[in-house]
Each structure stands twice: as C-alpha cells, then as structure tokens.
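For reference, the structure is listed below as structure tokens.
The values are calculated or read from the model by the stated rules, or taken from the named source; none is laboratory data. None of these values were measured; they are calculated from a predicted model. Backbone-built Cβ (ideal geometry, glycine too); neighbour counts: all protein chains shown.
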Amino acid sequence: MNGDTTLKGVLSLYGYHFCDILGSGDFGTCYEISRNGEAYVLKVFKHNHVKRRKSKLFMEIDLLNKVNHPGIPKIFKVIDKDGVFGFIMEKMPGHTLSDLINWDYAFSKIEIVGIMSQLIQMIETLHAADISHRDIKTTNILFFHGTISLIDFGSAKIFHSQTRNGNPDFWGIGDVFMRLALIAPEISLNPQDVLIESLNLSPGEKTVIKRLLCIEGSYADIKTLIHDFEMTFCIHQ
C-alpha cells in the first residue's frame, strides 16, 4: 500500500477527502482536504521527524490552541493513525507575501503599513500568551484583499518577559517590511540601493525599522513598538 493510498484511507475514516498538495518542506507536507464542501489544511509530518520531535509537534498544537485570533489558524483535529501523524487545521485565504513578491506585485505604502500593523497586532496577541513565533517571514504570511494571516508555528516557543529583549519576532517584522518596501515604487526610489537610508521614509519611520532590525538599539517589548509604529506611520485606531 503506497503513501497516498494510506493517507486517503485515513482521511476517509474521519470523513475528509483529499484535494491537493499545497506544498512540501523538510519536515513534511501540507495538503488541502475537504469535508462537507469546506476546505481545510492537513499538515502531515515525515516519519523520521515524528520519531525525533513528537513532543515538539505536540507543543505546536498546544501553542496554537492557546491563541484566539482571526488571522491565526485553528487546529481542529490531531491524526495519529497507520503511520500518518499530523493535524487538520483551518485553511486561511490568500497567497503568501513571498509568492506575491515573486509575481512582481507592487505593494503600495498604504498596503505595507496595513500589513505591518496587522502583523504587530498578531505578535501582541502571541506575546500576551507568552508565545514567540520565531519564524516571521514572507513565506509564513498570507495576504488576501488587504488582510493577512500568520501560519507555520513549527518554530514557536514559550517565552517570558525577561527574554523579550531581542526577540526574533521583532527582527522578523523588520525583515518583512524591508522585503516589501524594496519592491514598492513609492518607497524604493532606486531598486539597486537596498539601504534603509535610501528609502523614501521619514526619519522616524526609518528609526522604527532600524530598531526592529537591531541596527539602532532594539525593542524590549511590544507595547513600545506599537506606540512608535502608530505615531510614526500615522496609524489611527
């Protein structure tokens, strides 16, 4: 019995149907599945990865179950049967920012600021639950009509207030901003110049990005970042 047949058989036991392969990585494969006409994501891990890191996989499940945010997928079911280990989760809409960059989508400054504002709010929710995502990047952010979702919590960890200085989530936010800004015509006036100083941003906006990237000090907590971002990028609540 091959792997696809086994997977489809296991899914049928729970009333789900195989639809498509969404993508594969070092640790496993994500599939689109459906039940009663509704789409879900099934994240299946490679056998060797499960043997070595099963406790870490359950930690990912536990961390996601601690968070209630519309932009963070919910886990509905854990599957551990016939050599198939994974979990069924909410399918979030849109394409990754990485895909959009590769497709030469030119983000406007308003769109970028909106993405950053939502991302910072998500990190605030995670940090309030003592969770650090630790893998904020364009491949883990989905974009759909101005709204984002944050996916892939495989690197997430519990952390405490005394460890928040220099949290990788802040650097990730800054990295995402730069990748979007460098392809935004109204921000990057010279595509060949990748320095922050060359961007069409105010001095205050540049300082926020430098602090996120630990170029000019660093943010010790999310509240300070929220304050600075809202003040410099003129976010009105």
For region 24-54, what are the residues that are exposed (fewer than 13 other Cβ atoms within 10 Å of the Cβ) and at pLDDT 90 or above? ASN36, GLY37, GLU38
Of the residues that make up region 127-136, is at least one assigned to a loop (DSSP other than H, G, I, E, B), of a type in the set (Val, Ile, Thr) and farther than 22 Å from ASP20 by Cα? yes
Quick one: how many residues across region 151-181 are modelled with pLDDT of 95 or more, within 14 Å of the chain's Cα centre (by Cα) and of a type outside the set (A, V, I, L, M)? 7
In this structure, does ALA184 turn out to be over 28 Å from LYS43 (Cα atoms), touching a residue at least 60 places away in the same chain (Cβ under 8 Å) and within 22 Å of the chain's Cα centre (by Cα)? yes
For region 137-151, which positions are free of Cβ contacts under 8 Å to residues at least 60 places away in the same chain and in a loop (DSSP other than H, G, I, E, B)? LYS137, HIS145, GLY146
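Residue check: is ILE148 surrounded by 15 or more Cβ atoms within 10 Å (Cβ to Cβ), over 21 Å from GLY25 (Cβ atoms) and either more than 19 Å from the chain's Cα centre (by Cα) or modelled with pLDDT of 95 or more (or both)?
Working: surrounded by 15 or more Cβ atoms within 10 Å (Cβ to Cβ): yes; over 21 Å from GLY25 (Cβ atoms): no; either more than 19 Å from the chain's Cα centre (by Cα) or modelled with pLDDT of 95 or more (or both): yes.
No, not satisfied.
For the structure I just gave you, tell me whether PHE85 is crowded, with 18+ Cβ neighbours inside 10 Å and of a type in the set (Phe, Trp, Tyr). Give the steps one after another, and end with the answer.
On the way: crowded, with 18+ Cβ neighbours inside 10 Å: yes; of a type in the set (Phe, Trp, Tyr): yes.
Here the answer is yes, as PHE85 does meet what is asked.
Based on what the data block shows, is ILE187 among the β-branched types (Val, Ile, Thr), surrounded by 17 or more Cβ atoms within 10 Å (Cβ to Cβ) and closer than 24 Å to ILE101 by Cα? Even if it seems obvious, please write down each step before you answer.
Numbers: among the β-branched types (Val, Ile, Thr): yes; surrounded by 17 or more Cβ atoms within 10 Å (Cβ to Cβ): yes; closer than 24 Å to ILE101 by Cα: yes.
Yes: the conditions hold for ILE187.
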Just give me the residues in region 196-237 being among the β-branched types (Val, Ile, Thr) and free of Cβ contacts under 8 Å to residues at least 40 places away in the same chain, in sequence order. ILE196, THR207, VAL208, ILE209, ILE215, THR224, THR232
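Which one is farthest from the chain's Cα centre (by Cα) among residues in region 187-216 that are closer than 19 Å to HIS127 by Cβ and in a loop (DSSP other than H, G, I, E, B)? Steps first, please.
Pass one, region 187-216, residues closer than 19 Å to HIS127 by Cβ: 208, 211-214.
Okay, now just the ones that are also in a loop (DSSP other than H, G, I, E, B), so 213-214.
Numbers: LEU213: 18, CYS214: 20 Å.
Within region 187-216, the match that is farthest from the chain's Cα centre (by Cα) is CYS214.
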